[in-house]
Amino acid sequence: NCASGIVNATGGLAEPVRTPDWSVAFGGSYTMDLADSGWTFVPSISANWRSEMETATANFSIYSGAITAAQGTFPNNPLGGEFIAGSYSGPAWVVNGGVAIVAPENRMRVSLECSNCFDNVQVQSALGNYSYYNQPMMWMVRAKYNF
């Protein structure tokens, strides 16, 4: 049975899921003193990139473009074209960032953080040929006080 279990649409073994050929991640932060007040300002950023990957065991996706088979002509196909739905997840960047203000002796910290700051949409998982996407851009404010 093609496109089921670990067999892909062409009858071969499907690629293992969630295993991109390449992934790269980097990040950093910098602490800046605010005059002689003892307060500090801390901007931070992290980014990760991964190459394309499959997210479901059979690697089955539907693409644009007609295909003809013994049963007739179908408007979409499993072999290539523009991605419509399924297991394929193209190369993707995700960038996170934030800024924080820190009180003297690290007694208090208030920060504004962003995850997936550029709202990059990518397929995270697939089931029954439905694509499930990653979390959209999200903002968070945090406050912390050390007693």
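Quick notes on this structure:
- Subset of segment 8-31 (residues that are open to solvent by 50 Å² or more (accessible area, probe 1.4 Å), at pLDDT 95 or above and either of a type in the set (Lys, Arg) or in a strand (DSSP E or B) (or both)): 23, 24, 25, 26, 27, 29
- Residue in segment 78-88 that is among the hydroxyl-bearing types (Ser, Thr, Tyr) and under 28 Å from residue 17 (Cα atoms) present: yes
- Pairs with Cβ under 6 Å, 6+ apart, first in segment 10-25 and in contact (Cβ under 8 Å) with a residue 12 or more places away in the chain, second aliphatic (A, V, I, L, M) and open to solvent by 70 Å² or more (accessible area, probe 1.4 Å): 14/6
- Residues that are modelled with pLDDT of 95 or more and among the hydroxyl-bearing types (Ser, Thr, Tyr) were ranked within segment 104-132; the one that is most open to solvent (accessible area, probe 1.4 Å) is 115.
- Residue within segment 49-61 that is open to solvent by less than 40 Å² (accessible area, probe 1.4 Å), more than 30 Å from residue 128 (Cα to Cα) and either β-branched (Val, Ile, Thr) or within 17 Å of the chain's Cα centre (by Cα) (or both) present: no
- For segment 63-83, the criterion of a residue being farther than 26 Å from residue 32 by Cα, in contact (Cβ under 8 Å) with a residue 24 or more places away in the chain, open to solvent by 90 Å² or more (accessible area, probe 1.4 Å) and assigned to a loop (DSSP other than H, G, I, E, B) is satisfied by at least one position.
- Annotation: of all residues in segment 2-18 being closer than 14 Å to residue 86 by Cβ and among the polar types (S, T, N, Q), the one that is nearest to the chain's Cα centre (by Cα) is 8.
The values are calculated or read from the model by the stated rules, or taken from the named source; none is laboratory data. Small disclaimer: the values here were computed from a predicted structure and weren't measured. For neighbour counting, all protein chains shown are included, and Cβ atoms are generated from backbone atoms with ideal geometry for every residue, glycine included. Side chains included, ligands, DNA and RNA excluded: accessible areas come from the protein's heavy atoms. Shrake-Rupley method; radii C 1.70, N 1.55, O 1.52, S 1.80 Å.
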